[in-house]
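The values are calculated or read from the model by the stated rules, or taken from the named source; none is laboratory data. This structure is a prediction, so every number in the text was calculated from the model and none was measured. Virtual Cβ from ideal backbone geometry, glycine too; neighbours counted across all protein chains shown.
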Amino acid sequence: MDQWSGYMQLILQGALTTAQLTVLGCALALVVAFIAGLGRLSRSFLVRAAATAYIEFFRGTSIFVQLFWAYFVLPLLGISLTPLQAGILALGLNVGAYGAEVVRGAVQSVGREQYEACIALNLTRWQCLRHVILPQAFVLMLPTFGNNAIELLKGTAVVSLISLADLTFQAQVVRAQTGSTMVPFLTILVLYFVMASVISFGVRGLERRLTRGLDGMRS
Amino acid sequence: MSAPIIEIDRISKSFGALRVLDELSFTVQPGEKLALIGPSGSGKTTILRILMTLETISSGHIRIDGEELFHMPKDGRLVPADERHLHRMRSKIGMVFQLFNLFPHKCVLDNVTLAPILTKGVSKADAEREAMRLLEMVGMADKARAMPAELSGGQKQRAAIARALALQPRIMLFDEVTSALDPELVEEVLNVMRRLGEETDMTMLLVTHEMSFAHDFADRVLFFDRGRIVEEGPPDQIFRNPKQERTQAFLKKIIAAGQRV
């Protein structure tokens with residue numbers, strides 16, 4: 001039994017790494033999603049083109065390849081990242097590309113009449129976006145953002161391929177050392193599920209809080 | 001007559017092949033209450049939307065207080081206005097919409113204070129004090145903390161009027177503000193507008209299908225058809241003694257539909 005508690009220790013350390021990757025990856029993804037998503041709605045052709053190029057590139061190539069680029073190819077260009085940094089970068093940019101489309105779609109779904117009210121009240125484009133459009137659009141983004149965050153959590157397993165000791169990596173270690181597949185993989189199955197549930201509930205709670213008093217807003 | 005506050009000078013507006021306004025000209029005096037009536041599609045709402053810079057014009061000129069709305073002088077020539085020029089011109093004009101266009105994520109009070117705080121740099125406390133005065137005036141003070149979704153149509157429209165007034169525009173545009181309301185709620189909005197007409201010297205342009213209200217409220221009535229002014233004059237003349245055939249036909253239809261004019 002002693003031996004197992006040591007292995008559990010390993011797996012919990014992996015869980016911490018996975019949680020870290022998820023939180024920081026989501027933070028990066030969120031920032032990037034807003035920049036690229038609003039970039040796609042810019043009046044400037046260059047900004048639109050840059051945002052579109054980013055989105056299409058990161059949606060159109062594998063996260064696995066992106067991760068290897070971040071960890072093995074960037075050093076050749078003089079940028080060395082730790083495995084954790086490379087993992088956060090690849091995951092954040094990858095999921096951010098999907099999030100950007102969510103941001104664009106939600107912003108565009110806010111009715112024209114809201115923009116017209118802003119003009120009639122003499123708000124600048126930025127004030128309109130910041131105070132009127134984004135608060136309404138954000139509520140619409142939340143459910144899909146929740147999905148994206150869970151996708152990112154599950155995607156963190158690929159970082160075990162650049163020897164980052166996340167949940168999946170530690171399970172492999174335990175499996176190699178004990179010969180048991182069932183115990184470590186059942187454990188991480190449960191842990192992944194628990195972490196995904198935390199995200200799910202968190203996002204749903206936030207959604208409930210933000211939509212309070214907005215009944216009928218989407219009708 | 002003093003200098004007009006609005007000069008509309010041969011403006012045309014087309015949506016694709018459809019000509020909505022056709023070489024239209026008229027002027028409005030400061031403080032004047034103007035009713036724009038006519039069949040739907042005659043271009044009257046488009047005029048308000050153009051004045052609020054929600055639409056552009058295809059040709060012609062508009063001057064507010066003697067200053068070009070869609071053009072600005074540069075190197076001795078008139079060039080299309082930039083965002084900054086439009087921003088300055090818009091500060092003279094307010095608009096109330098048919099469908100209220102309140103911000104659904106903000107309570108009534110925040111709807112009213114948002115623009116003064118952001119565009120005029122008014123402090124939150126001052127903005128709220130002024131907002132409460134306006135909400136009092138439109139009979140909405142007790143609903144200051146309500147969300148728009150909790151209000152009836154008439155309450156929404158009265159809140160929207162307070163919101164537009166908070167920026168103290170010299171010109172107010174009312175675009176069919178009672179058309180989306182249940183019949184029993186129309187009167188409470190019209191009462192607010194009557195009061196505004198009596199207590200302020202704002203210039204007011206009103207697109208409406210409420211003929212008896214237009215008759216009592218307006219100093220002058222413009223009858224539109226197919227993008228042109230067919231007839232204009234004091235309400236008594238337009239409603240009691242219209243000269244043009246098209247005006248007569250339009251009013252006959254309105255009366256047949258059960259409205260008093």
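Couple of notes before you dig in:
- Which listed residue is at pLDDT 95 or above, within 14 Å of chain B (Cβ to nearest Cβ) and either surrounded by fewer than 21 Cβ atoms within 10 Å (Cβ to Cβ) or under 16 Å from the mean Cα position of the chain (by Cα) (or both), from A:LEU134, A:LEU191: A:LEU134
- Options B:LEU86, B:LEU51, B:LEU36: the member that is crowded, with 19+ Cβ neighbours inside 10 Å, within 14 Å of another protein chain (Cβ to nearest Cβ) and not aromatic (Phe, Trp, Tyr): B:LEU51
- Of all residues making up the range B:230-261, the number that are aromatic (Phe, Trp, Tyr) and over 14 Å from B:PHE213 (Cα atoms): 1
- Of the residues making up the range B:213-261, those that are outside any helix (DSSP H, G or I) and free of Cβ contacts under 8 Å to residues at least 12 places away in the same chain number 3.
- In this entry, B:VAL177 is excluded by the filter for residues that are crowded, with 20+ Cβ neighbours inside 10 Å, within 21 Å of the chain's Cα centre (by Cα) and without any contact (Cβ under 8 Å) to a residue 60 or more places away in the chain.
- In the range A:5-48, of all residues being among the hydroxyl-bearing types (Ser, Thr, Tyr) and under 17 Å from the mean Cα position of the chain (by Cα), the one that is farthest from A:ARG175 (Cα to Cα) corresponds to A:THR22.
- Given (1) surrounded by fewer than 21 Cβ atoms within 10 Å (Cβ to Cβ); (2) at pLDDT 95 or above; (3) under 30 Å from A:ALA137 (Cα atoms), index of the condition B:LEU102 fails: (1)
- Subset tally (residues that are more than 22 Å from A:ALA157 (Cβ to Cβ) and either within 16 Å of the chain's Cα centre (by Cα) or assigned to a loop (DSSP other than H, G, I, E, B) (or both)) for the range A:55-79: 3
- Meets criteria (in a helix (DSSP H, G or I), over 21 Å from the mean Cα position of the chain (by Cα) and surrounded by 19 or more Cβ atoms within 10 Å (Cβ to Cβ)) for B:ALA164: no
- Residues being over 20 Å from B:ALA164 (Cα atoms), in contact (Cβ under 8 Å) with a residue 40 or more places away in the chain and assigned to a strand (DSSP E or B) - total across the range B:37-79: 6
- The range B:97-108 - residue that is at negative phi and touching an Asp or Glu at 6+ places or on another chain (Cβ under 7 Å) and, of those, farthest from the other protein chains (Cβ to nearest Cβ): B:GLN98
- Filter pass, B:ARG170 being within 13 Å of the chain's Cα centre (by Cα), at pLDDT 95 or above and of a type in the set (D, E, K, R): yes
- Just one of the listed residues (A:GLN114, A:GLN127, A:GLN108) is part of a helix (DSSP H, G or I), farther than 24 Å from A:LEU152 by Cα and touching a residue at least 60 places away in the same chain (Cβ under 8 Å), and it is A:GLN108.
- Residue check, B:LYS124 within 13 Å of chain A (Cβ to nearest Cβ) and of a type in the set (Lys, Arg): no
- B:ARG170 closer than 14 Å to B:MET52 by Cβ, basic (Lys, Arg) and at the interface with chain A (Cβ under 9 Å from one of its Cβ atoms): no
- A:GLU151 vs. criteria within 14 Å of chain B (Cβ to nearest Cβ), among the acidic types (Asp, Glu), part of a helix (DSSP H, G or I) and surrounded by 15 or more Cβ atoms within 10 Å (Cβ to Cβ): no
- Residues located in the range B:231-252, provided they are surrounded by fewer than 15 Cβ atoms within 10 Å (Cβ to Cβ) and not polar (S, T, N, Q): B:PRO234, B:ASP236, B:ARG240, B:LYS243, B:GLU245, B:ALA249, B:LYS252
- Top-ranked residue of the range B:143-157 - restricted to ones that are assigned to a helix (DSSP H, G or I) and under 21 Å from B:ARG194 (Cα atoms), ranked as farthest from the other protein chains (Cβ to nearest Cβ): B:GLY154
- Search result, residues across the range A:87-131 that are within 9 Å of chain B (Cβ to nearest Cβ) and crowded, with 22+ Cβ neighbours inside 10 Å: A:ALA117, A:CYS118, A:ALA120, A:LEU121, A:ASN122, A:LEU123
- Unique residue being under 15 Å from the mean Cα position of the chain (by Cα) and more than 18 Å from B:GLY153 (Cβ to Cβ) when the list is B:ASP201, B:ASP236, B:ASP225: B:ASP201
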